[in-house]
Structure formats: structure tokens, C-alpha cells
Amino acid sequence: MSRNRAAVVAAVFVVFAVVAAYLVYKNQGGGGKNVSFDVTVTHADTMKPSELPVHQNDMVTINITSDTDGEVHLHGYDIHFDNSAGKVTTHTFKADKSGTFELEWESTSAPLGDLVVAP
């Protein structure tokens, strides 16, 4: 292989490595943003949306409106939403743990959905 050809191959490799590193860095994490969800619980057994995706270190606000009096419990973060029918209950917290955390209707243990915290 000639010196010019080797130099071109090396330059192409370096450009490829730099672009790949930039793309990996750009798509990592993303935590630290303010994220808000407006959630509706119907008949104490259905939640829409049922999945709440965030990144670790996001500040998360969940606004729950229910057609039934009762408590929604966010496991893992141990947050309790004491709902009165037709009224909005709000909690804001930092998503400092990664994983999938269930929201349930406390009195019946009915699963409603999940908070999904990506690292």
C-alpha cells in the first residue's frame, strides 16, 4: 500500500471515529430536563397515558385527575397522590433512580401504569 493510500485510510478512520463518538455522546442520557405529565385515572383501574418515560435526574411533575376518590401510589419513589374525584393532584420530584416504577390504585393494588426512568 502506498503512503498516500495509507494516509487516506487513516484519515477516513479518524473521521469515522470522531463522528461515531459525537453521535454516542449526543444520544446519551438527557436527564435534567423539566418533564410534565397530565394523567387521567378512570374507574380506579385505567390510567392514560399508561407509560411515563423520563431520564434520570429529570424534574418530573405528574398531574393526576381521577373520576374516583382514592390514592395512587408511585412505587420506588414512595409518592402518594390523594385524589378527590374531578380534582387535579400534583407532585413534582427529581427522578434520581433509574428503572421501571409501578403506579397503582392503592386500595385494590390495581396496576395503572409505569414511570420508566432511563439512565
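The values are calculated or read from the model by the stated rules, or taken from the named source; none is laboratory data. Small disclaimer: the values here were computed from a predicted structure and weren't measured. Heads up, the Cβs are rebuilt from the backbone with ideal geometry, glycines too, and the neighbour counts pull from every protein chain shown. The area values use the complete protein model at the heavy-atom level, side chains included, leaving out ligands, DNA and RNA. Shrake-Rupley method; radii C 1.70, N 1.55, O 1.52, S 1.80 Å.
Residue count for the stretch 48-67 satisfying the condition of being among the charged types (D, E, K, R) and either surrounded by 16 or more Cβ atoms within 10 Å (Cβ to Cβ) or under 13 Å from Gly99 (Cα atoms) (or both): 2. Kindly indicate the residue of the stretch 94-103 that is open to solvent by 20 Å² or more (accessible area, probe 1.4 Å) and touching a strand residue (DSSP E or B) at 6+ places or on another chain (Cβ under 7 Å) and also nearest to Asp45 (Cα to Cα) among those meeting that condition. Only one residue fits best here, namely Glu102. Beta carbons closer than 7 Å, at least 6 apart along the sequence or on distinct chains, never pair a first residue in the stretch 87-101 that is on the phi < 0 side of the Ramachandran plot and at pLDDT below 95 with a second that is open to solvent by less than 80 Å² (accessible area, probe 1.4 Å) and among the aromatic types (Phe, Trp, Tyr).
On the basis of being in a strand (DSSP E or B), within 17 Å of the chain's Cα centre (by Cα) and aliphatic (A, V, I, L, M), does Val54 make the cut?
Considered against the rule, which asks whether it is in a strand (DSSP E or B), within 17 Å of the chain's Cα centre (by Cα) and aliphatic (A, V, I, L, M), Val54 comes out as yes.
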